[in-house]
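Please read the structure below before turning to the comments.
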Amino acid sequence: MLWINIGPDGEEHPSPMESGDRCLTRDGDERTYEEQWAFQREAGEDVVTGTWVLGVGALGLAGLSVERRLQKAWARRPYEARTRHSWSVRTRRLRGRV
């Protein structure tokens, strides 16, 4: 957002805003330091919320991909699909009994 920092003396200041300063937005609106701080904080919260939503969506897609691959693997080995034991566990159990 483009803004012009106007100090308490009414002059334009290129430095960061401080308490008591005002700024002009592109729309010609004027905001105090506190209003501008609240506006930027709200915009930052939107970014954080969007990042969380994107992350959860990506994890969901990854989970679905893993589940689909596991289902295909279990379909190739019907015995293991029923017992849900890995091949190595079944092999070790059989070796121990022989």
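The values are calculated or read from the model by the stated rules, or taken from the named source; none is laboratory data. Because the structure is a prediction, the values reported are computed rather than measured. Every residue, glycine as well, gets a Cβ built from its backbone with ideal geometry; the counts of neighbours run over all protein chains shown. Surface accessibility is based on the protein's heavy atoms, side chains included, excluding ligands, DNA and RNA. Shrake-Rupley method; radii C 1.70, N 1.55, O 1.52, S 1.80 Å.
What to note about this one:
- Residue within segment 77-90 that is in a helix (DSSP H, G or I), farther than 30 Å from D9 by Cβ and modelled with pLDDT of 90 or more present: no
- The residues of segment 1-60 that are in a strand (DSSP E or B) and either modelled with pLDDT of 75 or more or in contact with a helix residue (DSSP H, G or I) (Cβ under 7 Å, 6 or more places away or on another chain) (or both), listed by number, are R22, C23, L24, E30, R31, T32.
- Any pair with Cβ under 9 angstrom, 6 or more apart, that starts in segment 47-64 at a residue that is of a type in the set (G, A, S) and ends at one that is in a helix (DSSP H, G or I) and open to solvent by less than 100 Å² (accessible area, probe 1.4 Å): none
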